[in-house]
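A quick write-up on the structure given underneath.
The values are calculated or read from the model by the stated rules, or taken from the named source; none is laboratory data. All of these numbers come straight from a predicted model, not from anything done at the bench. In this analysis, Cβ positions are derived from the backbone assuming ideal geometry, glycine residues included, and neighbour counts consider all displayed protein chains.
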């Protein structure tokens, strides 16, 4: 049975509708999200090659059921992993047909991104394993095929019979492009418009993204006057009015959020204080395209805060911190009754405050060593992470909680070396193995039931 994380990955990272023709000359190809194929008198122009393996093979099959024209160009929607890892498959396909190799067109920043990904290949593997625990991602050292043609602001693709304009659209990445087909009124917005979720700004493991620059991009796209709007995921948005509404309402929400954060920063509030102070108005956020399915409003708040602040969290303790193991050991030495910490964490779970329980258990769970009470604390923290994953909606948060739990259950903590596990009466993994953690909670009652079952395990130790 698939877990909620696995089902989310399938729905979020693939085009929800599958491959389908928009008209006689334009087709959506289900890639990692929605790709695009455009017929011209010279051949086909694509947006995105897919992640390789079965997905790219299916893209080729779908395309060939629609057209036998040669592929003249593949445009990179942006430089994130998975979207164009399948370029070598398309090149091999062209060679098998005896076609000239297609041009590979991208914004100039894609090349810089790929260089950075190659340089940090080990880090990328680690980050991807944490954020996408059920995906088999390509080796970051080998997955990237550099574009053969790049542009900076705008490029008109030279072809007979159909106007194709490629426009730089900084948003989720600084290398994103959109494809504008003015003859058809079709705008492929790609990464600039996720379509089924709130813009992916400020994910916990990724580099800085600029909220207002993203809003400006959306406003620029609205001015194009598209009658059909292809987002990165989900259904095509039809009608000029609806397309403009989606683009501009998203931009307004981002600008509103920026102002809210700035106002509170000017009052001296920290990022965490701001997170808990903001109420999201329905008139800006109560839309399907603003749902917290992948990221969260909290992520955007943190990213806006990060634009104007350095890395210091205003806690003087963290200005010149000790080594994490040394600090955790020092905290541990100050705790005379370690069992009381565990008991208090369990009591907070029973009271319904899993997050507070996490704060408490970290007094023990972060410390190195194989003392049985520390092992118990780590098992407890793993269980709390499973519960938080059930409580929260955004995919990324669920994935990070579950990845943390998995590390703890294997005898490791995030960023910690392997810790030798010793026999322990407390076997939280037994509870999770019976099946609760492997199905999503359907409602608040489900989450409450999980907490009660967890407490039964606690009491039986």
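In region 244-259, the qualifying residues are those that are under 19 Å from residue 297 (Cβ atoms) and either without any contact (Cβ under 8 Å) to a residue 24 or more places away in the chain or in contact with a strand residue (DSSP E or B) (Cβ under 7 Å, 6 or more places away or on another chain) (or both), and the one that is surrounded by the most Cβ atoms within 10 Å (Cβ to Cβ) is 246. Residues in region 55-112 that are in a loop (DSSP other than H, G, I, E, B), over 26 Å from residue 176 (Cβ atoms) and free of Cβ contacts under 8 Å to residues at least 12 places away in the same chain: 68, 98. Taking the residues in region 220-243 that are under 24 Å from the mean Cα position of the chain (by Cα) and in a strand (DSSP E or B) as candidates, determine which candidate is surrounded by the fewest Cβ atoms within 10 Å (Cβ to Cβ). Result: 237.
For every residue, the table says whether it meets (1) at pLDDT 95 or above; (2) touching a strand residue (DSSP E or B) at 6+ places or on another chain (Cβ under 7 Å); (3) closer than 30 Å to residue 290 by Cβ.
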site	(1), (2), (3)
338	yes, no, no
342	yes, no, no
359	yes, no, yes
362	yes, no, no
395	no, no, yes
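Among the residues of region 204-215, those identified as part of a helix (DSSP H, G or I) and surrounded by 17 or more Cβ atoms within 10 Å (Cβ to Cβ) are 211, 214, 215. Tell me which residues, restricted to region 36-54, are within 27 Å of residue 112 (Cβ to Cβ) and not in a strand (DSSP E or B). Listed by number, the residues that qualify are 48, 49, 50, 51, 52, 53. The residue list 341, 331, 349, 354 contains one member that is touching a helix residue (DSSP H, G or I) at 6+ places or on another chain (Cβ under 7 Å), over 30 Å from residue 210 (Cβ atoms) and surrounded by fewer than 16 Cβ atoms within 10 Å (Cβ to Cβ), which is 331.
Looking at region 121-197, the strands (runs of 3 or more DSSP E) lying wholly inside it that each contain 2 or more residues that are surrounded by fewer than 19 Cβ atoms within 10 Å (Cβ to Cβ) sit at 149-151, 154-157. Which ones in region 305-338 are without any contact (Cβ under 8 Å) to a residue 12 or more places away in the chain and within 20 Å of residue 379 (Cβ to Cβ)? Result: 337, single match. Can you say whether residue 201 is surrounded by 14 or more Cβ atoms within 10 Å (Cβ to Cβ), in contact with a strand residue (DSSP E or B) (Cβ under 6 Å, 6 or more places away or on another chain) and in contact (Cβ under 8 Å) with a residue 12 or more places away in the chain, as far as the supplied structure shows? Judged against the criteria, residue 201 is not a match. In region 300-325, of all residues being farther than 30 Å from residue 254 by Cα and surrounded by 11 or more Cβ atoms within 10 Å (Cβ to Cβ), the one that is farthest from the chain's Cα centre (by Cα) corresponds to 322.
Note on region 397-411: among residues that are more than 15 Å from residue 126 (Cα to Cα) and surrounded by fewer than 21 Cβ atoms within 10 Å (Cβ to Cβ), the one that is modelled with the highest pLDDT is 409.
Pairs under 8 Å by beta carbon, first residue closer than 11 Å to residue 377 by Cα in region 339-351, partner loosely packed, with under 15 Cβ neighbours inside 10 Å and modelled with pLDDT under 95, six or more apart or different chains? Taking only residues 6 or more apart or on different chains, the pairs are 346/455.
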